[in-house]
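Trainee: Could you have a look at this structure, given as structure tokens, before my questions?
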Amino acid sequence: MAKILLVEDDDLVNDMLKQMLQRAGHEIQTAGNGEEAAQLLKTSEPDIMVTDIIMPKKSGITLISEVKDQHPNMEIIAISGGGRLDPIGYLDLSESIGASVSFEKPIDKSALLMAIDLLMHGKKDSITV
């Protein structure tokens, strides 16, 4: 079981991912944007953060950069459906600044669960998306 911080501004996606991760046995905290996530990280340190990239108030890119400065060992999974760029551009950028792995929306649920399991067991190099 992992302690996961889920950062997603779309309520439907947030609820769907939260339910899926809880059913898989993970402990989930949620935040609706990067600012909320930064506040939560002041009082808790999850094993993994799953964050959207395009969000109001503080983008996932900014959040990833800040988290890697303050919590260098935290594993991060970036997710994006795109924005002004296609999602691959945002996801490549997220990995270049510290995300362990990234997924384009809609997310393959089994691939996400497998990535979480591999990250929890220190097998980051085994992840292929």
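Trainee: Can you tell me how many residues in segment 101-124 are in contact with a Ser or Thr (Cβ under 7 Å, 6 or more places away or on another chain), of a type in the set (A, V, I, L, M, F, W, C) and either touching a residue at least 40 places away in the same chain (Cβ under 8 Å) or not in a helix (DSSP H, G or I) (or both)?
Mentor: Total meeting the criteria: 1.
Trainee: Taking the options Met1, Met20, name whichever one is over 12 Å from the mean Cα position of the chain (by Cα), within 19 Å of Lys105 (Cα to Cα) and open to solvent by 10 Å² or more (accessible area, probe 1.4 Å).
Mentor: Matching residue, one of Met1, Met20: Met20.
Trainee: Now for a separate question. Restricted to segment 67-80, and to residues that are within 15 Å of Leu93 (Cβ to Cβ) and not aliphatic (A, V, I, L, M), which residue is farthest from the chain's Cα centre (by Cα)?
Mentor: Applying the filter and picking the extreme gives Lys68.
Trainee: Checking the condition modelled with pLDDT of 95 or more, surrounded by 15 or more Cβ atoms within 10 Å (Cβ to Cβ) and of a type outside the set (Val, Ile, Thr), which residue from Leu91, Leu41 passes?
Mentor: None of the others qualify; the one that does is Leu41.
Trainee: Okay, next question. Does Ile127 count as at pLDDT 90 or above and surrounded by 15 or more Cβ atoms within 10 Å (Cβ to Cβ)?
Mentor: Against the criterion (at pLDDT 90 or above and surrounded by 15 or more Cβ atoms within 10 Å (Cβ to Cβ)), Ile127 does not qualify.
The values are calculated or read from the model by the stated rules, or taken from the named source; none is laboratory data. If you're wondering where the values come from, they're calculated on a predicted model, not measured in any experiment. In this analysis, Cβ positions are derived from the backbone assuming ideal geometry, glycine residues included, and neighbour counts consider all displayed protein chains. Surface accessibility is based on the protein's heavy atoms, side chains included, excluding ligands, DNA and RNA. Shrake-Rupley method; radii C 1.70, N 1.55, O 1.52, S 1.80 Å.
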